[in-house]
Amino acid sequence: MRKMLITAGALAAAVVGAGTFAQSTPEVVVTTHKAVEKTVGRTSTGIPITDVSLSYTVSTAGLDLGTHRGALDFEKRVSDAARDACQELGRQYPNSTPSDSECARAAADKAMAKVHEVEAAAAKK
């Protein structure tokens with residue numbers, strides 16, 4: 001059995017949806033990293049280290065980010081997406097590390113920087 005080293009991280013990017021509506025709905029992309037087909041290195045014993053990522057898009061649809069409640073709900077959506085993505089990777093790669101909870105915490109922490117930018121922009125409107 002091949003052992004995989006998992007790296008946790010997240011990349012958050014604001015995506016402004018294009019559409020026929022006059023107002024767009026901001027989104028944040030939460031990306032988690034664990035193991036994948038591409039070898040990124042080898043352990044000291046020669047075991048391949050691979051990396052995989054999974055991204056979930058989190059929408060602000062239905063939320064008023066100008067309110068405290070709306071901002072909290074958006075942050076919860078992002079945290080839930082990070083948890084769900086890490087759990088999915090954990091199911092696919094059960095011998096991977098870090099744990100699902102550590103992966104989710106790291107992914108959510110990185111995504112929160114973009115979340116706070118989106119919330120600040122909404123508060124200025």
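General observations
- Scanning the range 62-108 for residues that are small (Gly, Ala, Ser) and under 19 Å from residue 120 (Cβ atoms), we see that the one that is modelled with the lowest pLDDT is 66.
- Residue 61 vs. criteria in contact with a helix residue (DSSP H, G or I) (Cβ under 6 Å, 6 or more places away or on another chain) and of a type in the set (Gly, Ala, Ser): no
- Selected residue (criterion: surrounded by the fewest Cβ atoms within 10 Å (Cβ to Cβ)) from residues of the range 56-96 that are in a helix (DSSP H, G or I) and of a type in the set (A, V, I, L, M): 72
- Failed item in (1) in contact with a Lys or Arg (Cβ under 9 Å, 6 or more places away or on another chain); (2) at positive phi, with residue 46 passing the rest: (1)
The values are calculated or read from the model by the stated rules, or taken from the named source; none is laboratory data. Model, not experiment: these values are computed from the prediction. Cβ sites come from the backbone with ideal geometry, for glycine too, and all protein chains shown count toward neighbours.
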